[in-house]
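J.: Pasting a structure below so you can have a look.
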Amino acid sequence: MTLLGTQGAATAAPFPAPASAPGPASAPAVESGAAVTKITHAQATARLSAAGISWRSSGNCSDRNNPTCTSFEQVNLATIQGAETLKSASGCAVTITGGTETGHASGTYSHWNGYKLDFNPTTCLSGYITGTFTYIGERADGAAQYKAASGNIYARESNHWDVTFYSCGGC
């Protein structure tokens, strides 16, 4: 595994991308009916690097059509801004392990559609999420869910945090 981002985060064993359950039944309105702003992989990685956020790919690649890659192609700008907000608010090292690449569950608020990112569940990040956000119960697949005041949902899957960004989280 090769760390593709900045900040020299510690490496961890790669994992397959498990299917994620779709978002909540009544998802909040996104960007007040305005068109969602999509950005390129290069634009996303530039922003992530500037924010000190790392990312990694088990396949050492960024091809959106390869499930072993980590891609940010066609990610929502608000999703990347949400990751920036998470990093800033938590003060934790943040490493993204999944983006818009194929291999995740489908749905309106999905990875493919630019709303979700997966994060490495460090002790710092997990403590911040569970200590700051409101526990709202388990998803259909058993993942514990926490909801931020912004409406963003953090679901603790077996080996990562699956985060749905409905907004930038207060950027």
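J.: Which residues' amide hydrogens lie under 5 Å from the amide hydrogen of Tyr109, considering only partners 5 or more residues apart or on another chain, with H built in the peptide plane?
T.: Residues meeting the amide H criterion: Gly23.
J.: With every protein chain kept in place and ligands, DNA and RNA left out, what is the accessible area per residue of segment 72-171? Probe 1.4 Å, answer in Å².
T.: Accessible area per residue, segment 72-171: 36 Å².
J.: Would you mind checking which residues have amide H under 5 Å from Val75's amide H? H placed 1.01 Å from N; only 5 or more apart, or other chain.
T.: The list, which skips near neighbours in sequence, is Ile39.
J.: Same structure, new question: What are the ³J(HN,Hα) values, in whole Hz, obtained from phi via the Karplus relation 6.51 cos²θ - 1.76 cosθ + 1.60 with θ = phi - 60°, for each residue of segment 36-43 in sequence order, with x given for Gly and Pro?
T.: So the Karplus estimates, Gly and Pro as x, are 6, 8, 9, 10, 7, 4, 5, 5 Hz.
J.: Would you calculate the separation in nanometres between label points at Asn65 and Cys124, each defined as 7 Å from the Cα along the Cα-to-beta-carbon direction?
T.: With each label point 7 Å from Cα toward Cβ, the separation is 3.8 nm.
J.: While we're looking at this one, here's another question. Rounded to whole Hz and in sequence order, give me ³J(HN,Hα) for segment 78-93 from the Karplus expression 6.51 cos²θ - 1.76 cosθ + 1.60, θ = phi - 60°, writing x for Gly and Pro.
T.: 4, 5, 5, 4, x, 5, 4, 5, 4, 4, 5, 5, 7, x, 8, 5
J.: Given Cβ point charges of +1 (Lys, Arg) and -1 (Asp, Glu) and nothing else, what value in debye, to the nearest 20, does the dipole of segment 38-171 about its Cα centre take?
T.: 240
J.: Between Thr108 and Ala35, what is the label-point separation in nm under the 7 Å Cα-to-beta-carbon projection?
T.: About 1.9 nm, to one decimal.
The values are calculated or read from the model by the stated rules, or taken from the named source; none is laboratory data. Nothing here was measured: the structure is a model prediction, and the numbers come from that model. Note that each Cβ is placed from the backbone with ideal geometry, even for glycine, and that neighbours are counted across all protein chains shown. Heads up: the accessible areas ignore ligands, DNA and RNA and are worked out on the full protein's heavy atoms, side chains in. Shrake-Rupley method; radii C 1.70, N 1.55, O 1.52, S 1.80 Å.
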